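Reading through the structure tokens given below for one structure.
Just so it is clear, none of the values below were taken in a lab; they were calculated from the coordinates. Note that the structure is a prediction, hence the values are computed from the model and not measured. Cβ atoms come from the backbone with ideal geometry, glycine included; neighbour counts cover every protein chain shown.
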Ligand code: TYM
């Protein structure tokens, strides 16, 4: 990942803190995986990592309660299947730690209506869910700021679409620190470069972000899709008519497939261009599909094992919530003191 000045802490200094979250609104997409989740496992070796299944955020769009419950556990298991280790990191479910909503209220009072109105995601979602433009959708970034700031987070590894939310978190932290004295660490977004897949696009409309809510299911690959389904989706991916596997402006479909192939094979874009020189798009699309199937196989196998052991998952998320609360409690106490709440 790039775009940060972050370096591992020298021995003796506190390890830098990483926080990130993912919504349990469905099985993770290839976009979630390439843009964010695949980076989270390796970060555990150098940093103090805290990862959360952010169920509070997901109800800003109406959810079926039974489905949400099921998906939350599945998302937790998926995080572990993607390499998150409860022995190395704190893995918890957001609603299990009440400090997030408590801190969020205080931060709401340090956030301006105008800055929330400018959030691209709010504008997009308000247009998409015009019959339910609720206050939670509007203050969503404030809850996200609470998630991040409660843990004195240094770095937030996310995909490109979350950049604006990390920026508003910094604005809120700066304003609070300015008014009440330094309370929060100033976090930095950790976003990979475009070529590395910071924004993976729909396979059916490569000008749009790949998303669980894509109306055309062929545009979105989920990391639990069956091998045959994955191959089929890649074979029918929309590309241009130039028929050369070259990374270039205007070739949105091919550029997207090249980034996906690079993410799963570790090959550079130049090496991919050479590998497919003189070959057609058909060969390339099949190769991308096969690389994805192969890369996802161990995750799918581990996921099945974990979902067969619900008691273990329960132990892990309970322990995660305790660990999270211990850390966030220190910050929340400081926040309450700073704003002038009388000690209980
Ligand atoms: P969410 O659940 O939409 O997505 C989880 C992560 O996946 C990334 N991502 C993508 N990256 C590349 N290409 C794509 N097509 C793509 N789609 C999704 C997202 O950028 C994200 O990193 N608001 C957040 C969740 C959140 C959070 C936080 C994140 C809540 N609190 C605190 C960081 C810190 C969200 O909705 O992510």
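Descriptive notes on the structure:
- Added length on full extension, which subtracts the Cα-Cα distance from 0.36 nm per residue, residue 273 to residue 308: 8.4 nm
- Summary of the geometry: the range 290-338 and the range 139-171, compared by the centres of their Cα atoms, lie 19 Å apart.
- The ratio of the alpha-carbon radius of gyration of the range 56-123 to the globular-protein estimate 2.2 N^0.38 Å is 1.41.
- Shape metrics for the chain, restricted to C-alpha atoms - Rg then Dmax, Å: 20.7, 73
- Between the range 183-218 and the range 256-275, the alpha-carbon centres lie 18 Å apart.
- With respect to the chain, whose longest principal axis is taken over its alpha-carbon atoms, helix 310-339 is tilted by about 50°.
- Length gained when the stretch residue 286-residue 240 is fully extended (0.36 nm per residue, less Cα-Cα span): 14.9 nm
- Comparing 261, 47, 180 in a Gaussian network model of the chain where C-alpha atoms under 10 Å apart are linked, the largest mean-square fluctuation is found at 180.
- Residues 131, 64 arranged by fewest to most Cβ contacts within 10 Å: 131, 64
- Helices in the chain, meaning DSSP H runs of at least 4 residues, each add -39500 (n - 2.57). Divided by all residues, the mean residue ellipticity at 222 nm is -16000 deg cm²/dmol.
- Stretchable slack from residue 297 to residue 194, in nm (0.36 nm times residue separation minus alpha-carbon distance): 34.5 nm
- Residue 175-residue 131 FRET efficiency (beta carbon distance; Förster radius 35 Å; 0.05 resolution): 0.60
- Neighbour-count order for 214, 154, fewest beta carbons within 10 angstrom listed first: 214, 154
- Within a Gaussian network of the chain (alpha carbon springs, distance under 10 Å), most fluctuating of 177, 32, 256: 177
- Sorting 52, 213, 241 from the fewest to the most surrounding beta carbons within 10 angstrom yields 241, 213, 52.
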